[in-house]
1. Return the sequence-ordered ³J(HN,Hα) values of region 208-217 in whole Hz as given by the Karplus equation 6.51 cos²θ - 1.76 cosθ + 1.60 applied to θ = phi - 60°, using x for Gly and Pro.
2. Under a crude label model (7 Å from the Cα following the beta-carbon direction), how far is Ala200 from Ser350 in nanometres?
3. For region 352-471, report the accessible area per residue in Å² (1.4 Å probe, heavy atoms, rounded to an integer).
4. Treat each spin label as a single point 7 Å out from the Cα along the C-beta direction, and report the Thr339 to Asp302 distance in nm.
5. What number comes out for accessible area per residue over region 202-310 if the probe is 1.4 Å? Units Å², please.
6. By a straight-distance test (C-alpha under 23 Å), which lysines pair with Lys450 as possible cross-link partners, with residues fewer than eight away in the same chain excluded?
7. Based on the Cβ-Cβ distance from Glu421 to Arg210, what FRET efficiency comes out when R0 is 51 Å, to the nearest 0.05?
8. Taking R0 as 60 Å, what's the FRET efficiency between Ser141 and Phe46 from their Cβ-Cβ distance, rounded to 0.05?
Amino acid sequence: MGLNDSSPGAMRNGRGLSDQWAESVVVRPRTTERHITVHKRLVLGFALSILTLIIVTAVAVVLSVRFEECGGRDRDGATGESGSRSPGGSAKLNGSRGERTGERGDEETVQPWRNTRLPGTLRPRHYDLRLAVYMDNFTFSGEVSIEVECINATRFIVLHTDRLEVDQVSVTAEGGAGGRPANRPGGGAMRIHRHFPFPANQMYVVVLHRELKPMRVYRLNLSFDATIEDELLGFFRSSYTLQREKRYLAVTQFSPIHARKAFPCFDEPVYKATFSLSLRHDPQYTSLSNMPVESSSLSDEDGWVTNRFSRTPRMSTYYLAWAVCNFTYRETQTDSGVTIRLYARPDAISSGAGDYALHITKRLLGFYQDYFKVQYSLPKLDLLAVPKHPYAAMENWGLSVFQEQKILLDAEVSSSSYQMELTMVVVHEICHQWFGDLVTPVWWEDVWLKEGFAHFFEYVGTDFLFPKWNM
């Protein structure tokens, strides 16, 4: 209705126009006391929420500070550091606030053992490894002396261990990289601040008071104890039955990262070094390794035998191998003078089950030497047939280990397909004596360097042995 509406009802009384405006206009209700109370509650609730948030934040900050303080003492301890031994071997708690701000200042900021890869500040040159093997309770103890060259100055010696109980640790300065003797009081002994395991990365850490100098040679000595495992990795045990008697053997499987289960080492393929190994065990067993036995002696006290093996060529830790067993063997020799032996259960050897693999291995060594124009590097090659193994075979340099069914052949009952499969496995592993053992990938991303060539030569080598198979 417009303002100039003159209809009779428009001004029926003096309130007509105002009533119409009142009906058309939305009137804001008055703020009552109840509404004011509601607003007060909302404000109070909001204030309480802010206060609660401040309190929770303060508690979280206090807890984080306490956690960091505990971490200095226990975080390393939770992963093996708190129970570290002093250089004398006694247990010692570490990580106090004074240590963190003073002597361990650089350690807290660097901590190279928290990386998954070794820091690269040290390079191993030679391992002198001595083991005593107890087959009655499946344990072994050892001492390793590692000659290392310092590449970059560091106070930390970081290497790999896994499931090893390290006892005593010492470090001595040997001299310059050229072998010059160390002219230091105390025979070049280095003071050790502490040493501890770091199981999260399967590492062992030795912290020194003073830095190791670049281009200098040092010697790291560690003694340790461990168990001969039953999981087919590291230094593990297996068994077989002969004349209703259960017999045991122990053998290694270090590829790719299980040498650290058997001895402290720089367990990455790039860290090649030479190895001198000694095995002490009950004389009823035979011991084998990559190299021939250099010397053997009997103890006057317990009658145990100690076999010391010749020094290996430079090689990666995962190719070091040894075995303690009571197997027998058959052997042959190549034209170049390399001795080849096949070790297996006595009944398998007596039945001639290993003769086929022994025969083709002799031919293959000659074939590969002519093909690659590179001589086989070791004086012997042992083939070991074990009842259980995680892989079909492992190409340890000079001591290749096979599952029994991948190397033992009964010519009277075995099928031609079984013979072909066995042949290709042997051809593959013998090729690894060059591609893998002699030439090794720097890291596992280049594993094609050994596995690609070995797979290819499964066909080339088998074709050489049996042209009529048309491989």
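The values are calculated or read from the model by the stated rules, or taken from the named source; none is laboratory data. It should be emphasised that the depicted structure is a prediction, and the values quoted were computed from it without experimental measurement. Methodologically, a virtual Cβ is constructed for each residue, glycine included, from the backbone with ideal geometry; neighbour enumeration extends over all protein chains shown. Accessible surface is based on the protein model in full, side chains and every heavy atom, while ligands, DNA and RNA are left aside. Shrake-Rupley method; radii C 1.70, N 1.55, O 1.52, S 1.80 Å.
1. 9, 6, 10, 6, 6, 9, x, 6, 10, 10
2. Each label point is offset 7 Å from its Cα along the Cβ direction, giving 5.6 nm.
3. Here the residues of region 352-471 average 43 Å² of exposed surface.
4. 2.7 nm
5. Dividing the accessible area of region 202-310 by its residue count gives 40 Å².
6. Within the straight-line limit of under 23 Å, Lys450 reaches these lysines: Lys272, Lys362, Lys373, Lys380, Lys406.
7. Efficiency computed from Cβ-Cβ geometry: 0.30.
8. According to the calculation, E is roughly 0.30.
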